[in-house]
Amino acid sequence: MEVVIIEDEDLAADSLESLLLKTGYNLRVKKRLESVKQAIEWFKVNSCDLIFSDISLGDGESFEIFDVLKIDIPIIFTTAFDHYAIQSFQFNAIDYLLKPYDKTKLNKALEKFSNYKGLANPTSESNHNLENLIAQLKVMPEINQKQTRFLVSKGEELVSINSEEIAYFMAENKSLFLCKRDGEIFLYDDTISNLEQKLAPKDFFKVNRKFIVKHNAIKSIVKYSQNRLKLELQPMPNIQDPVLISAKNIQSFKNWLNN
């Protein structure tokens with residue numbers, strides 16, 4: 001079985017591929033794709049048996065891929081949010097895997113795929129199970145709980161940091177860092193997409209693939225180009241590239257600032 005992973009975060013893609021290879025299924029990861037644009041170009045001339053696709057990508061939502069191509073390859077969506085459930089089943093979705101996922105959840109999704117392939121009318125059966133799936137998503141405790149304390153290592157000491165002390169989270173070189181308002185930086189064991197679902201949306205905003213920021217970390221906002229904004233953060237991150245907000249995120253960012 002040939003599998004394609006559509007995921008814009010290396011850590012999340014690495015984790016999923018590692019779990020897939022540890023399942024009892026005879027599969028190989030044929031391709032990893034990182035964006036809507038890349039996926040559309042690849043699937044125009046290529047195919048596979050099963051797609052694992054994150055929904056929120058750097059250049060849009062993966063639904064755009066399947067809107068454009070109208071492919072009939074089964075899809076297992078992977079995402080941090082339950083509010084995409086109904087929309088995902090407008091496509092050829094056989095399951096909806098919430099992050100963070102583990103081997104047990106993954107095996108159950110692959111089992112659904114195996115059953116799906118054996119059905120005379122798989123789409124009908126998949127839609128028949130939609131109500132049950134959405135009901136399960138609504139009651140899963142990890143969806144509604146918002147994390148307010150974050151455990152990090154400081155030498156041999158474990159330190160619990162309150163969300164009020166945090167300026168932003170930064171993903172860099174396949175690692176995630178927690179930066180405090182006083183400038184202290186800690187390695188944090190998570191991925192930025194998994195972390196996003198755990199944070200209170202009124203306090204934190206994911207401005208791009210690398211940064212989740214708090215209001216109090218934004219020192220200034222300036223126009224960087226016709227379609228992008230540039231943030232100056234306090235404390236300043238130790239990176240060369242500017243912290244940019246793309247056109248597709250500007251309106252939601254403004255709405256967040258107004259709340």
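The values are calculated or read from the model by the stated rules, or taken from the named source; none is laboratory data. What you see is a predicted model, and the numbers here were worked out from it, not measured in a lab. Glycine also receives a Cβ, built like all others from the backbone with ideal geometry; neighbour counts cover every protein chain displayed.
Within region 190-218, can you find the residues that are among the basic types (Lys, Arg) and either part of a helix (DSSP H, G or I) or in contact (Cβ under 8 Å) with a residue 60 or more places away in the chain (or both)?
Filtering region 190-218 for residues among the basic types (Lys, Arg) gives 198, 202, 206, 209-210, 214.
The answer is Lys198, Arg209.
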Screening Ile161, Ile94 for residues that are modelled with pLDDT under 85, in a strand (DSSP E or B), surrounded by 12 or more Cβ atoms within 10 Å (Cβ to Cβ) and hydrophobic (A, V, I, L, M, F, W, C) leaves only Ile94
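Based on what the data block shows, is Pro235 in contact (Cβ under 8 Å) with a residue 24 or more places away in the chain and under 16 Å from Phe177 (Cα atoms)?
When the stated conditions are applied, Pro235 passes them.
Checking the structure you have, find out if any residue of region 247-254 is among the small types (Gly, Ala, Ser) and part of a loop (DSSP other than H, G, I, E, B).
We begin by selecting, within region 247-254, every residue among the small types (Gly, Ala, Ser); these are 247, 252.
Next cut, part of a loop (DSSP other than H, G, I, E, B) only: none.
Looking for residues that are among the small types (Gly, Ala, Ser) and part of a loop (DSSP other than H, G, I, E, B), one finds none in region 247-254, hence no.
Could you list, in sequence order, the residues of region 17-62 that are within 30 Å of Ile245 (Cα to Cα) and in contact with a Phe, Trp or Tyr (Cβ under 7 Å, 6 or more places away or on another chain)? Give the derivation first.
Our first condition is that a residue be within 30 Å of Ile245 (Cα to Cα); within region 17-62, this holds for 17, 31-44, 51-62.
Lys31, Leu33, Ser53, Ile55 - these are the residues of region 17-62 that are within 30 Å of Ile245 (Cα to Cα) and in contact with a Phe, Trp or Tyr (Cβ under 7 Å, 6 or more places away or on another chain).
When you go through Leu176, Leu257 one by one, which is the residue that is part of a strand (DSSP E or B) and at negative phi?
Exactly one of Leu176, Leu257 is part of a strand (DSSP E or B) and at negative phi, namely Leu176.
Of Gln197, Gln226, which residue is of a type in the set (S, T, N, Q), on the phi < 0 side of the Ramachandran plot, in the same structural domain as Val243 (by TED's automatic domain parsing) and surrounded by 10 or more Cβ atoms within 10 Å (Cβ to Cβ)?
On the way: Gln226 fails: surrounded by 10 or more Cβ atoms within 10 Å (Cβ to Cβ).
Within the list Gln197, Gln226, the selection yields Gln197.
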Residue check: is Glu61 acidic (Asp, Glu) and more than 17 Å from the chain's Cα centre (by Cα)?
no
